[in-house]
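Okay, so here's the structure we're looking at.
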Amino acid sequence: KAGVTQTPRYLIKTRGQQVTLSCSPISGHRSVSWYQQTPGQGLQFLFEYFSETQRNKGNFPGRFSGRQFSNSRSEMNVSTLELGDSALYLCASSLGAGGDAYEQYFGPGTRLTVT
Amino acid sequence: GENVEQHPSTLSVQEGDSAVIKCTYSDSASNYFPWYKQELGKRPQLIIDIRSNVGEKKDQRIAVTLNKTAKHFSLHITETQPEDSAVYFCAPRKGGQAGTALIFGKGTTLSVSS
């Protein structure tokens, strides 16, 4: 099975712009979670989508949003970028239901730099 | 919300020694307890996990033990090798709600010297 893929891998944006990141989960996985990784704050949960519905949300401002499509692919959007949004954005996929529902597998991440 | 703490934050051992990393959590509804390994510049990788109905699980040189009463679980690595050098994260599942959200600890940097 192919692993979790994320595009783009690297992105440089200017403060005030918006950005959209994409994640394709492992085939058969219906849950996609997004995490932000920074040296200061570590790995922080953003949100989780399951069957096109947001099932969980972390403590991030409304500038961070996401969605999931019927094929389980997910996108996250950050509007009005701030310098502090510079981070590695990781998505993780899991079955989302059933015995192995919780096992999450990470993509390679998108490195976002805001200047 | 869930409060997750890992100790120690850094750990240096000699090749062949054992390493133990402890994770404490606050949400008594948490019921899934994984450990992730992240090598420099790479994605986090699930190395072992345990569910709340089990006290210990082993996989070759690594093991995880869970104490639900005390709300902590630990990663044990025996016969450490240089390739075990990485950052290790505990990530108990956020309890009390449907979903698979993981709340990560700050990480433990393990250095194994030969």
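The values are calculated or read from the model by the stated rules, or taken from the named source; none is laboratory data. Here the structure is a predicted model, which is why all the values come from computation and not from measurement. Using ideal geometry, Cβ is built from the backbone for each residue, glycine included, and neighbour counts are taken over all protein chains shown. Each accessible area value is taken on the protein alone, full model and side chains, heavy atoms only, with ligands, DNA and RNA left out. Shrake-Rupley method; radii C 1.70, N 1.55, O 1.52, S 1.80 Å.
Observations
- Buried accessible surface for the B/A pair, both sides summed and rounded to the nearest 100, is 1900 Å² with a 1.4 Å probe.
- Distance between the pseudo-spin-label points of B:Arg61 and B:Ser28 (7 Å out from Cα toward the beta carbon): 3.9 nm.
- Computed FRET value (nearest 0.05) for A:Thr113 with B:Thr109, which takes r as the C-beta separation and R₀ as 30 Å: 0.80
- Per-pair calculated FRET efficiency, R0 = 25 Å: B:Ala70 and B:Lys42 via Cβ, rounded to 0.05: 0.20
- Over region B:55-114, accessible surface divided per residue gives 44 Å², non-protein components excluded, 1.4 Å probe.
- Our summary gives region B:6-52 a relative contact order of 29 percent, counting only alpha carbon pairs under 8 angstrom and 6 or more residues apart.
- Region B:40-114 shape via C-alpha gyration tensor axes, a/c threshold 1.5: oblate
- Cleavage-rule hits, GluC sites (Glu not before Pro), region B:12-114, DSSP coil, Cβ neighbours within 10 Å at most 15: B:Glu15, B:Glu39, B:Glu79
- Whole-percent carbon and sulfur share, accessible surface of chain A, 1.4 Å: 48
- Sparse-neighbourhood loop sites, chymotrypsin sites (Phe, Trp or Tyr not before Pro) in region A:13-84 - DSSP loop, at most 16 other Cβ within 10 angstrom: A:Phe69
- Cross-link reach is defined here as a Cα-Cα straight distance under 18 Å, omitting same-chain residues fewer than 8 places apart; for B:Lys57 the aspartates and glutamates meeting it are A:Asp100, A:Glu103, B:Asp49, B:Glu79.
- Applying a threshold of 18 Å to the alpha-carbon distances of B:Lys22/B:Lys58; B:Lys22/B:Lys106; B:Lys22/B:Lys71; A:Lys57/B:Lys106; B:Lys58/B:Lys106 flags A:Lys57/B:Lys106; B:Lys58/B:Lys106 as lying beyond it.
- In the protein assembly as shown, the DSSP beta bridges split such that about 90 percent are antiparallel, to the nearest 5.
- Looking at region A:10-114, the GluC sites (Glu not before Pro) that sit in a DSSP loop and have at most 14 other Cβ atoms within 10 Å of their own Cβ are A:Glu52, A:Glu82.
- Contact residues in region B:31-60 (at least 30 Å² less accessible area with all protein chains than alone, 1.4 Å probe): B:Tyr32, B:Tyr36, B:Gln38, B:Arg43, B:Pro44, B:Leu46, B:Arg51.
- Applying a 4.7 Å Cβ-Cβ cutoff to the protein assembly as shown leaves no cysteine without a disulfide-compatible partner.
- Tail fraction, Cα-Cα pairs, chain A, threshold 20 Å, whole percent: 35
- The separation of region A:3-50 from region A:77-92, counted between C-alpha centres, amounts to 8 Å.
- Applying 1/(1 + (r/R0)^6) with R0 = 45 Å to the Cβ-Cβ distance of B:Asp17 and A:Leu83 gives a FRET efficiency near 0.60.
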